[in-house]
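J.: Shown below is the structure under consideration.
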Amino acid sequence: VLYSPIHEATFGTLTADEALSVVNLWAQRTQALREMPNGEYVIVFENRGAEIGATISHPHGQIYAFDHVPPRPARMIAAGWEPVVASGEHVILEVDGWRVFSEYAAVYPVSIRIAPIHRIADLADMNAVDRAVLAATLVRTFAALDALFDAPLPYMMWINQQPTNGSVNDAWMSIEIVSPWRQKGLARFIAAAEVGAGEYFNPVVPEQLAERLR
């Protein structure tokens, strides 16, 4: 999914209308892939920057359809995930029914989430107003992330949404954005003790990250 014909563009430099075109396309492709025989779970995502492993610098993302619900979103759905913030200090932006916040006890130095305050199951479930607000919120969020270290931030972004088969009817859509950068050009590598124990020692305080992005 190409975001722009301008090679140097980023999501944060798109106009609100350009971003809305991307959101509409995400929703259209989500619905189309769900109608395929094996379109059980659709994930929209982006890998940005060579540090993340992206081999194309043009602004773009991708969409996959799985024939099953992958383990991580399945656990989120089973746990009844909702966009509850640990405290007001984690809130970065709240506008017209949408909230951007830093994740409590995050694995990655930069770890934020965008979600509707009132439940929306998936991209295709959004009305025109929600799509427009989400598009504008994405532009503001990605612009802030690039301003964080005054450099293009390498990141991974993905959208969690409801599966297709009808067995789940209370999923809550959210967008996650994570980056390994703890400082400009300095990535945090996950250590053996963290991988071995399954517990992570993130040096970045989520409340301070939220304050900087605000």
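The values are calculated or read from the model by the stated rules, or taken from the named source; none is laboratory data. Predicted model, so just to flag it, every value in this text is computed and none were measured. Cβ placement follows ideal geometry from the backbone for every residue including glycine, while neighbour counts extend to all protein chains displayed. Surface accessibility is based on the protein's heavy atoms, side chains included, excluding ligands, DNA and RNA. Shrake-Rupley method; radii C 1.70, N 1.55, O 1.52, S 1.80 Å.
J.: Would it be correct to say that Ala121 is in contact (Cβ under 8 Å) with a residue 40 or more places away in the chain, more than 30 Å from Gly185 (Cα to Cα) and either among the aromatic types (Phe, Trp, Tyr) or open to solvent by less than 60 Å² (accessible area, probe 1.4 Å) (or both)? Break it down into steps so the answer makes sense when it comes.
T.: Working: in contact (Cβ under 8 Å) with a residue 40 or more places away in the chain: yes; more than 30 Å from Gly185 (Cα to Cα): yes; either among the aromatic types (Phe, Trp, Tyr) or open to solvent by less than 60 Å² (accessible area, probe 1.4 Å) (or both): yes.
Yes; evaluated as a whole, the condition is true for this residue.
J.: I'm checking my understanding of the structure. Among residues of segment 134-189 that are part of a helix (DSSP H, G or I) and touching a Ser or Thr at 6+ places or on another chain (Cβ under 7 Å), which one is most open to solvent (accessible area, probe 1.4 Å)?
T.: Restricting attention to segment 134-189, the residues satisfying the condition of being part of a helix (DSSP H, G or I) are 134-148.
Then drop every residue that is not touching a Ser or Thr at 6+ places or on another chain (Cβ under 7 Å), which leaves 142, 146.
Details: Phe142: 6, Asp146: 34 Å².
Looking at residues that are part of a helix (DSSP H, G or I) and touching a Ser or Thr at 6+ places or on another chain (Cβ under 7 Å), I get Asp146.
J.: Kindly indicate whether any position in segment 35-46 is open to solvent by less than 90 Å² (accessible area, probe 1.4 Å) and in a loop (DSSP other than H, G, I, E, B).
T.: Pass one, segment 35-46, residues open to solvent by less than 90 Å² (accessible area, probe 1.4 Å): 39-46.
Filter once more, so that each one left must be in a loop (DSSP other than H, G, I, E, B): 39-40.
Looking for residues that are open to solvent by less than 90 Å² (accessible area, probe 1.4 Å) and in a loop (DSSP other than H, G, I, E, B), one finds at least one in segment 35-46, hence yes.
J.: Do we find that Glu194 is more than 15 Å from the chain's Cα centre (by Cα), open to solvent by less than 40 Å² (accessible area, probe 1.4 Å) and on the phi < 0 side of the Ramachandran plot in this structure? Explain how you work it out, then say what you get.
T.: Numbers: more than 15 Å from the chain's Cα centre (by Cα): yes; open to solvent by less than 40 Å² (accessible area, probe 1.4 Å): yes; on the phi < 0 side of the Ramachandran plot: yes.
So Glu194 fits the description; yes.
J.: If Leu145 meets every condition in (1) under 23 Å from Val42 (Cβ atoms); (2) touching a Leu at 6+ places or on another chain (Cβ under 6 Å) apart from one, which number is that one?
T.: (1)
J.: Taking segment 1-33, which residues are hydroxyl-bearing (Ser, Thr, Tyr), over 16 Å from Val139 (Cα atoms) and open to solvent by 60 Å² or more (accessible area, probe 1.4 Å)? Please lay out each step first, then the result.
T.: Of all residues in segment 1-33, those hydroxyl-bearing (Ser, Thr, Tyr) come to 3-4, 10, 13, 15, 21, 30.
Still in the list and also over 16 Å from Val139 (Cα atoms): 30.
Hits for segment 1-33: nothing passes.
J.: So, in segment 202-211, of the ones that are at pLDDT 90 or above and outside any helix (DSSP H, G or I), which residue ends up least open to solvent (accessible area, probe 1.4 Å)? Explain how you work it out, then say what you get.
T.: In the first step, residues of segment 202-211 are kept if they are at pLDDT 90 or above; the result is 204-211.
With the extra rule that they be outside any helix (DSSP H, G or I), the set shrinks to 204-205.
Numbers: Val204: 37, Val205: 60 Å².
For segment 202-211, the residue satisfying everything is Val204.
J.: For Ile56, indicate whether it is buried (at least 17 other Cβ atoms within 10 Å of the Cβ) and of a type in the set (Val, Ile, Thr).
T.: Values: buried (at least 17 other Cβ atoms within 10 Å of the Cβ): no; of a type in the set (Val, Ile, Thr): yes.
Against the criterion (buried (at least 17 other Cβ atoms within 10 Å of the Cβ) and of a type in the set (Val, Ile, Thr)), Ile56 does not qualify.
J.: Only one of Gly88, Gly80, Gly49, Gly97 is closer than 18 Å to Val178 by Cβ, of a type outside the set (A, V, I, L, M, F, W, C) and either out of contact with any Gly (no Cβ under 8 Å at 6 or more places or on another chain) or open to solvent by less than 80 Å² (accessible area, probe 1.4 Å) (or both); which?
T.: Gly49
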